[in-house]
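Asker: Take a look at this one; I'll ask things after.
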């Protein structure tokens, strides 16, 4: 859920910054600058990559039957979120200070900002190593079995056993309630495909 919320935050910044690039007076000075780089990375990496990790953490227990370490997952999220923002948020300022794209030199007054962004980018890359370590450690060494439905989801795929059998539905499943009855004590129990209440 943390990665999903971060997706909305990052994509919002990318969307708001896109307004300045669609407005002719501001786009004239910002178009060839690092402002565009910041906008692009907030919409693409801030949106796509954070959503990818949200989906990966959500479905990996069902795909592998193994639960990842939650503490390492949170470390991965917070380091990735913080260093993503400290890498790309300053690029808006660099763009407004006329740092052009596609050049290998820049104004010496922007050296401190560029050094800060470079350090943040390396730390952002290091945050990916936390995920890689968690994945290898959890799948190859610890192998803590995942529950059938660790997220208490009412989604149909989570009503199946873990690992999912080759023929999960012997007949079309019956849905007896709306999918959003979370926390409602009056919600009808979810019926699994084998016909038993869960």
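Asker: Give the number of residues within the stretch 58-88 that are surrounded by 17 or more Cβ atoms within 10 Å (Cβ to Cβ) and under 27 Å from residue 119 (Cα atoms).
Answerer: Count: 11.
Asker: If you check 20, 52, which single one turns out to be closer than 24 Å to residue 1 by Cα and part of a helix (DSSP H, G or I)?
Answerer: 52
Asker: Still on this structure, I have one more. Could you check, for the stretch 129-143, whether at least one of its residues is at pLDDT 80 or above, part of a loop (DSSP other than H, G, I, E, B) and within 20 Å of residue 57 (Cβ to Cβ)?
Answerer: Yes, because at least one residue in the stretch 129-143 is at pLDDT 80 or above, part of a loop (DSSP other than H, G, I, E, B) and within 20 Å of residue 57 (Cβ to Cβ).
Asker: Here's a check for you: in the stretch 24-49, which residue that is touching a residue at least 40 places away in the same chain (Cβ under 8 Å) and outside any helix (DSSP H, G or I) is nearest to residue 7 (Cα to Cα)?
Answerer: Residue satisfying both the conditions and the ranking: 33.
Asker: Also, quick follow-up: Please go through the stretch 22-50 and pick out each residue that is touching a strand residue (DSSP E or B) at 6+ places or on another chain (Cβ under 9 Å) and surrounded by fewer than 18 Cβ atoms within 10 Å (Cβ to Cβ).
Answerer: The answer is 32, and nothing else.
Asker: Could you please find all residues in the stretch 149-162 being touching a helix residue (DSSP H, G or I) at 6+ places or on another chain (Cβ under 8 Å) and either part of a helix (DSSP H, G or I) or exposed (fewer than 15 other Cβ atoms within 10 Å of the Cβ) (or both)?
Answerer: Answer for the stretch 149-162, where residues must be touching a helix residue (DSSP H, G or I) at 6+ places or on another chain (Cβ under 8 Å) and either part of a helix (DSSP H, G or I) or exposed (fewer than 15 other Cβ atoms within 10 Å of the Cβ) (or both): 150, 151, 157, 158.
Asker: Whether any residue in the stretch 181-191 is more than 30 Å from residue 74 (Cβ to Cβ), surrounded by 14 or more Cβ atoms within 10 Å (Cβ to Cβ) and modelled with pLDDT under 85 is what I want to check.
Answerer: There is at least one residue in the stretch 181-191 that is more than 30 Å from residue 74 (Cβ to Cβ), surrounded by 14 or more Cβ atoms within 10 Å (Cβ to Cβ) and modelled with pLDDT under 85.
Asker: Tell me which residues, restricted to the stretch 79-130, are in contact (Cβ under 8 Å) with a residue 12 or more places away in the chain, farther than 20 Å from residue 29 by Cβ and more than 22 Å from the chain's Cα centre (by Cα).
Answerer: 116
Asker: What pairs come out if I take residues in the stretch 1-19 that are under 21 Å from residue 74 (Cβ atoms) and pair them with residues that are at pLDDT 95 or above and surrounded by fewer than 19 Cβ atoms within 10 Å (Cβ to Cβ) whose C-beta lies under 6 Å away, six or more apart or interchain?
Answerer: Close Cβ pairs satisfying both conditions: 3/54; 4/54; 7/51.
The values are calculated or read from the model by the stated rules, or taken from the named source; none is laboratory data. Because the structure is predicted, anything quoted here is derived from the model rather than measured. Using ideal geometry, Cβ is built from the backbone for each residue, glycine included, and neighbour counts are taken over all protein chains shown.
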